[in-house]
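What follows is a short report on a single structure.
The values are calculated or read from the model by the stated rules, or taken from the named source; none is laboratory data. Because the structure is a prediction, the values reported are computed rather than measured. Neighbour counts are summed over all protein chains in view; Cβ atoms, including those assigned to glycine, are modelled from backbone coordinates with ideal geometry.
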Amino acid sequence: MELKDQLLSIAESVTHLLPELILIASLVITLVLGLILKKNKQAILHTLAVITYLIAIVIIIQTWPKQPVALFGGMMRLDDFSAFF
């Protein structure tokens with residue numbers, strides 16, 4: 001397998017990890033905003049967390065695999081069981 005094919009395979013695999021990346025970005029943003037905002041504005045953080053969880057759930061439902069998919073050159077596998085958990 002050529003380098004170009006390997007890089008394309010990795011790029012396609014990263015798109016399947018989008019929900020996890022969204023949750024990590026949300027976590028970092030929520031933690032930073034929690035340090036910056038005053039105590040009486042904590043509802044903004046709760047709303048941000050709920051919205052990002054809902055976005056991640058929608059993306060998971062949209063990208064639910066119909067057939068098992070090998071990710072990162074076969075090092076990971078995305079199937080019904082892994083998508084559920």
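Name the residue, out of 15, 30, 52, 47, that is within 25 Å of residue 70 (Cα to Cα) and among the polar types (S, T, N, Q). First the steps, then the outcome.
On the way: 30 fails: within 25 Å of residue 70 (Cα to Cα); 52 fails: within 25 Å of residue 70 (Cα to Cα); 47 fails: within 25 Å of residue 70 (Cα to Cα).
Residue meeting the stated conditions: 15.
Do we have residue 85 as farther than 23 Å from residue 28 by Cα and either β-branched (Val, Ile, Thr) or modelled with pLDDT under 85 (or both) here?
In short, no.
Could you tell me whether residue 54 is farther than 19 Å from residue 81 by Cβ, at pLDDT 85 or above and either in contact with a strand residue (DSSP E or B) (Cβ under 9 Å, 6 or more places away or on another chain) or surrounded by 12 or more Cβ atoms within 10 Å (Cβ to Cβ) (or both)?
On the way: farther than 19 Å from residue 81 by Cβ: yes; at pLDDT 85 or above: yes; either in contact with a strand residue (DSSP E or B) (Cβ under 9 Å, 6 or more places away or on another chain) or surrounded by 12 or more Cβ atoms within 10 Å (Cβ to Cβ) (or both): no.
When the stated conditions are applied, residue 54 does not pass them.
Considering only the range 6-20, state which residues are more than 16 Å from residue 74 (Cβ to Cβ) and crowded, with 16+ Cβ neighbours inside 10 Å.
The answer is 19, and nothing else.
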